[in-house]
1. Within region 92-114, is even one residue under 30 Å from Lys175 (Cβ atoms) and open to solvent by 70 Å² or more (accessible area, probe 1.4 Å)?
2. When only residues in region 183-196 that are under 12 Å from the mean Cα position of the chain (by Cα) and part of a helix (DSSP H, G or I) count, which is nearest to Ala240 (Cα to Cα)?
3. Please enumerate the residues belonging to region 141-171 that are at pLDDT below 95 and of a type in the set (Asp, Glu).
4. Using the structure shown, decide if Arg119 is within 18 Å of Ala46 (Cβ to Cβ), open to solvent by 10 Å² or more (accessible area, probe 1.4 Å) and either among the β-branched types (Val, Ile, Thr) or in contact with a strand residue (DSSP E or B) (Cβ under 9 Å, 6 or more places away or on another chain) (or both).
5. How many residues are open to solvent by 20 Å² or more (accessible area, probe 1.4 Å) and either without any contact (Cβ under 8 Å) to a residue 40 or more places away in the chain or touching a strand residue (DSSP E or B) at 6+ places or on another chain (Cβ under 8 Å) (or both) if we restrict to region 257-292?
6. In region 210-223, what residues are open to solvent by 20 Å² or more (accessible area, probe 1.4 Å) and either in a helix (DSSP H, G or I) or more than 27 Å from Ile277 (Cα to Cα) (or both)?
7. Restricting to region 224-252, and then to whatever is among the polar types (S, T, N, Q) and in a loop (DSSP other than H, G, I, E, B), can you tell me which residue is most open to solvent (accessible area, probe 1.4 Å)?
Amino acid sequence: MAITITAAFNEFDTKVKPSPATWVKVDERRNAVVNVIKKAFPAGNAIRYQSHKIIGSLGRNTACNPVDDIDLMVYLHVDQDLWNRRYRYNSSEFLYRVRKALNENSPVRKIGSRGQAVRFFYADGLSVDVAAVEKYTSGDYGIPDGGGGWLTTNPNRHEEYLSDCNNALGGDLKKIIRFAKKWNKAHSSRLSSFHLEMLVARTYGTLGSNSRTALRLFFDYNVRNLSVRDPAGFSGDLSAYLNCVSKGAVNDSLKSARDRADLALTAEKRGDHREAIRLWRIVLGNDFPAYG
């Protein structure tokens, strides 16, 4: 049975949003890893478990299906003397200590390093990246930078910022973010997840209920406008990882998506839902419903 463009977007929204069953699996996997961490760093140790939090796209509720990793921030308190002697100026040694302890205490067969995190690999593909952090007196966190130093971060600020934006825009911003992520994935994944989220968040002063026009505006607004600041003030310009060539490729992709969105909106206006759906499927990828 043929569907309308509105029904296609509603179906797409349901399909890309992690299901309750996915969240149950995420919770189970997180709890299993946290139990390993608590065993490896018990109370009374010079390095001891204090708290944990799911961060990243899952933490901000902007993740898309399929969910294949969990970003878990774990606060491990380090006694001051040990911190000053060994880790304050050597986050690589701290990360090695965490990895070694988790290897010794985990039933998981494969644990490896991934830049700033320790990764638990699972056969079903749902991995867990443990970002071990130290908490500063400011309330912010220090995380290994992958090169021996420390970066300051605070995922709570990012979550609060995005939730405030979402609430101010009637609760639909995160849906548009998930759609934009599917566009990005369908077209070479050139933008990092967090950068893309912040681009979407800064695009709108108001946001109506029409996802098609909202997406068209996102594509148009951000052509040759890829610079956006970290709202927490830690990372500066979030587009800094893109070189001139990759910026050009992103801009071309945005322009192409905008032009197809214009054609799709025109087709929708004249009642040609088949053509509108065909065009949006090119923009958003094969997870977008087909006509009929």
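The values are calculated or read from the model by the stated rules, or taken from the named source; none is laboratory data. All values reported here derive from a predicted model rather than from experimental measurement. All Cβ positions, even for glycine, are placed from backbone atoms using ideal geometry, and neighbour counts span all protein chains on display. These accessible areas exclude ligands, DNA and RNA; they are computed on the full protein's heavy atoms, side chains included. Shrake-Rupley method; radii C 1.70, N 1.55, O 1.52, S 1.80 Å.
1. Yes, because at least one residue in region 92-114 is under 30 Å from Lys175 (Cβ atoms) and open to solvent by 70 Å² or more (accessible area, probe 1.4 Å).
2. Among residues in region 183-196 that are under 12 Å from the mean Cα position of the chain (by Cα) and part of a helix (DSSP H, G or I), the one nearest to Ala240 (Cα to Cα) is His195.
3. Asp145
4. Taking the combined requirement at face value, the residue does not satisfy it.
5. Selection size over region 257-292: 13.
6. Hits for region 210-223 are Arg212, Thr213, Arg216, Leu217, Asp220, Tyr221.
7. Filtering first and then ranking leaves Asn243.
Here is a yes/no grid of residues against (1) out of contact with any helix residue (DSSP H, G or I) (no Cβ under 8 Å at 6 or more places or on another chain); (2) closer than 24 Å to Gly171 by Cβ; (3) modelled with pLDDT of 95 or more:
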{"position": "Leu207", "(1), (2), (3)": "no, yes, no"}
{"position": "Ala240", "(1), (2), (3)": "yes, no, yes"}
{"position": "Ala249", "(1), (2), (3)": "yes, no, yes"}
{"position": "Ser256", "(1), (2), (3)": "yes, no, yes"}
{"position": "Thr266", "(1), (2), (3)": "yes, no, yes"}
{"position": "Ile277", "(1), (2), (3)": "no, no, yes"}
{"position": "Ile282", "(1), (2), (3)": "no, no, yes"}
